[in-house]
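For reference, the structure discussed in these notes is given below.
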Amino acid sequence: MKFSPHTVRTTLATPLGPMTLAATDTALVGAWFDGQQHQPSFDAWPVQAQHPLLHAAGQQLQEYFAGQRQHFDLPLDLSGGTAFQQAVWARLQTIASGGTVSYGHISQQIHNPAAVRAVGAAVGRNPISIIVPCHRVLGAHGALTGYAGGLERKIALLKLESPV
C-alpha cells in the first residue's frame, strides 16, 4: 500500500480493542485494529486527534458499535492499492449490513472467477476495516475463514450486524 506523505492518525477505543484511524486532508485512508495483519507502520504519521475526518470516522464507528449506524458517510481513498485490490474493495462496499458473500462470489462479480485466492489476499489487505466491510466475506459454504483483525473480531462484527 502507498499512503500520502500528508497522512495523519489517531487512536479510537472500541469494544473490540483499539483502532488506528488514518486520513489525509480529503479522505479516510485507513482503519486498523491494533495488531491487525498487513497494517503499515504508523511512526511517520503525526497524531492529530482533532482532524475533522478522523473525528467524523471515530464518531461514526462509535455509532456503529452502539447499533445506531449501518452505513458510513465518509470520503474514502483506496488508491494506494493495486487496480485488482481496488476492484475487490469496491465490491466489498456493496455488501449490505447484515449480509455476507463468499470469496468466489466476489471473484465472479469482478469477472475473474479463477481469482478466488487473489480475492482473499486483497480482502485481507483492505486498509479500512469495518467501513469497507471485509468481515462480511465468508469461505465456501459459509465457512468462517480468516480476518486480518482476528477471527474473534469477525465473529463479533457479524453478530453485531445480524438481524435479531
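The values are calculated or read from the model by the stated rules, or taken from the named source; none is laboratory data. Worth saying up front: this structure is predicted, and the values here are computed from it rather than measured. Because the Cβ atoms are built from the backbone with ideal geometry, glycine has one as well, and the counts that use them run over all protein chains shown.
Farther than 17 Å from LEU28 by Cα, within 13 Å of the chain's Cα centre (by Cα) and of a type in the set (D, E, K, R): which single residue out of ARG153, ARG117, ARG69 fits that description?
Numbers: ARG117 fails: within 13 Å of the chain's Cα centre (by Cα); ARG69 fails: within 13 Å of the chain's Cα centre (by Cα).
Just a single option satisfies the conditions, and that option is ARG153.
Name every residue in the stretch 27-56 that is part of a loop (DSSP other than H, G, I, E, B) and in contact with a Leu (Cβ under 8 Å, 6 or more places away or on another chain), in order of residue number.
Within the stretch 27-56, the first condition is being part of a loop (DSSP other than H, G, I, E, B), and the residues that meet it are 27, 34-46, 48-51.
Correct list: ALA27, GLN48.
Name the one entry in TRP89, TRP32 that is crowded, with 17+ Cβ neighbours inside 10 Å, outside the structural domain of GLY139 (by TED's automatic domain parsing) and not hydroxyl-bearing (Ser, Thr, Tyr). Steps first, answer last, please.
Numbers: TRP89 fails: outside the structural domain of GLY139 (by TED's automatic domain parsing).
Matching residue, one of TRP89, TRP32: TRP32.
Can you find a residue that is within 23 Å of ALA121 (Cα to Cα) and either part of a strand (DSSP E or B) or of a type in the set (A, V, I, L, M, F, W, C) (or both) anywhere in the stretch 6-15? Please lay out each step first, then the result.
Narrowing the stretch 6-15 to residues within 23 Å of ALA121 (Cα to Cα): none.
Checked against the condition, which is being within 23 Å of ALA121 (Cα to Cα) and either part of a strand (DSSP E or B) or of a type in the set (A, V, I, L, M, F, W, C) (or both), the stretch 6-15 yields no hits at all.
Against the definition (free of Cβ contacts under 8 Å to residues at least 60 places away in the same chain, surrounded by fewer than 20 Cβ atoms within 10 Å (Cβ to Cβ) and not hydroxyl-bearing (Ser, Thr, Tyr)), how does PRO133 come out, yes or no? Step through it out loud before you land on a result.
Numbers: free of Cβ contacts under 8 Å to residues at least 60 places away in the same chain: yes; surrounded by fewer than 20 Cβ atoms within 10 Å (Cβ to Cβ): no; not hydroxyl-bearing (Ser, Thr, Tyr): yes.
Judged against the criteria, PRO133 is not a match.
Can you name every residue in the stretch 120-144 that is modelled with pLDDT under 95 and in a loop (DSSP other than H, G, I, E, B)?
GLY139, ALA143, LEU144, listed by residue number.
Restricting the search to the stretch 6-39, which residues are under 16 Å from GLY81 (Cβ atoms) and either of a type in the set (Ser, Thr, Tyr) or at pLDDT 95 or above (or both)?
THR7, ALA22, THR24, ALA27, LEU28, VAL29, GLY30, ALA31, TRP32
Condition check ((1) out of contact with any Pro (no Cβ under 8 Å at 6 or more places or on another chain); (2) over 23 Å from LEU53 (Cβ atoms); (3) in contact (Cβ under 8 Å) with a residue 60 or more places away in the chain) across all residues:
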position: TYR64; (1), (2), (3): yes, no, yes
position: LEU76; (1), (2), (3): yes, no, no
position: THR94; (1), (2), (3): yes, no, no
position: GLN108; (1), (2), (3): yes, yes, no
position: HIS111; (1), (2), (3): yes, yes, no
position: SER129; (1), (2), (3): yes, no, yes
